[in-house]
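Written out below as structure tokens is the structure these notes cover.
The values are calculated or read from the model by the stated rules, or taken from the named source; none is laboratory data. Here the structure is a predicted model, which means the values were calculated and not measured. Using ideal geometry, Cβ is built from the backbone for each residue, glycine included, and neighbour counts are taken over all protein chains shown.
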Amino acid sequence: MQILFDGDPGIDDALAILTLLREPVEVLAMSAVVGNVPVETGFRNLRDLAALAGREDIPVFRGAERPLVRDYVFDPLVHGVDGLGGAKLAPSRAPEQTEHAAVAIGRILAGAEEPVTWVATGPLTNVAMVLALDPSLAGKVRRLVVMGGSTLRGNVTPAAEFNVYVDAEAWRAVLGSGIRPVMVGLNVTHMVGMRAGDFTAAERIDTPVGRAAGTMLDYYRRVSGQENWGDPKLHDVVALLGAVSPELLETRPAFVDVETGSPLTYGMTVVDDRAPAERCNCDVAVDVDAEAVKRRMIGALRSY
């Protein structure tokens, strides 16, 4: 399986990346998008995480600095100013890629000999830009698995999940692009929370990767406790492993659209699972093997 990864790391993105880089797949490239952190911070984090994992051979590209239409406002609460909860990573020594992510990903897709699995754990700005530059590239994507949205309520507003709220116009563009994404939303990722035993297992990994992950998880746990969010959720790890191992997710076909006009419900994913088959444009995750996801992630961290 060939994988493209696009994200905005971010603690749960970082854990997803460290998990991905121990899976038996070929990672063609990784790209940063504005979201949890400004794109420059996310780009640096992606490069440094690849270096931490010993995978500086994977090209990392800098993508969109702002959403397609709206302004971007950075909030450091959830992931910290650095996006990694204060984890100190050695800087990557790999040559810095200067090609914009949208151009680079388009080039990689165009040259791919077989359809590629694309995982997007942040706002879909980069994905929308690639497909706007060359709509025919939709045919080069085997599966697009996205973390975002919800069949229930949001987390940044009562209606909207964060990744969609940052750039709802991008989400709407992707849903109309001809690609049929797998939407891994809050209704499923909230089933996968880190509990005391999971933290203990992660904290016992006394390696550079384990210590970095432990610092990130400790920050995540403290913020979740302070804000009364319950168990820290592994949103992006769920989407990543759902892309690599589809059997971990149960999905249902649906028609999905995104609200972009209302200031009250901007970014809401409107999910119609009663739509006729010919109208369905998305496969929506409705259940997940939560314990398997956590075991896979902790096993990946132990394997470094």
The residue from LEU175, LEU240, LEU248 that alone is at pLDDT 95 or above and within 17 Å of ASP12 (Cα to Cα) is LEU240
Residue in the stretch 198-215 that is of a type outside the set (Lys, Arg), under 16 Å from the mean Cα position of the chain (by Cα) and at pLDDT 95 or above present: no
Restrict the check to the stretch 283-299 and report whether at least one residue is in a loop (DSSP other than H, G, I, E, B) and of a type in the set (Gly, Ala, Ser). no
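Of these, ALA16, ALA50, ALA94, ALA87, which one is buried (at least 22 other Cβ atoms within 10 Å of the Cβ), at negative phi and not in a helix (DSSP H, G or I)?
ALA87
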Within the stretch 231-264, the count of residues that are part of a loop (DSSP other than H, G, I, E, B) and among the charged types (D, E, K, R) comes to 2
Exactly one condition in (1) on the phi < 0 side of the Ramachandran plot; (2) surrounded by fewer than 24 Cβ atoms within 10 Å (Cβ to Cβ) is false for ASN36; which is it? (2)
For residues that are touching a helix residue (DSSP H, G or I) at 6+ places or on another chain (Cβ under 7 Å), exposed (fewer than 15 other Cβ atoms within 10 Å of the Cβ) and in a loop (DSSP other than H, G, I, E, B), tally how many sit in the stretch 102-133. 1
Quick one: would you say GLU169 is of a type in the set (D, E, K, R), within 16 Å of the chain's Cα centre (by Cα) and closer than 18 Å to GLY7 by Cα? no
Would you mind stating whether GLY267 is crowded, with 24+ Cβ neighbours inside 10 Å and in a loop (DSSP other than H, G, I, E, B)? yes
Selection within the stretch 75-119 - of a type in the set (Asp, Glu) and touching a residue at least 60 places away in the same chain (Cβ under 8 Å): GLU114
Among the residues of the stretch 72-80, is there at least one that is among the acidic types (Asp, Glu), modelled with pLDDT of 95 or more and under 19 Å from the mean Cα position of the chain (by Cα)? no
So for the stretch 217-231 (the condition being surrounded by fewer than 20 Cβ atoms within 10 Å (Cβ to Cβ), under 27 Å from ARG70 (Cα atoms) and in contact with a strand residue (DSSP E or B) (Cβ under 9 Å, 6 or more places away or on another chain)), does at least one residue qualify? no
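Just to be sure, is VAL164 over 21 Å from VAL69 (Cβ atoms) and touching a residue at least 40 places away in the same chain (Cβ under 8 Å)?
Against the criterion (over 21 Å from VAL69 (Cβ atoms) and touching a residue at least 40 places away in the same chain (Cβ under 8 Å)), VAL164 does not qualify.
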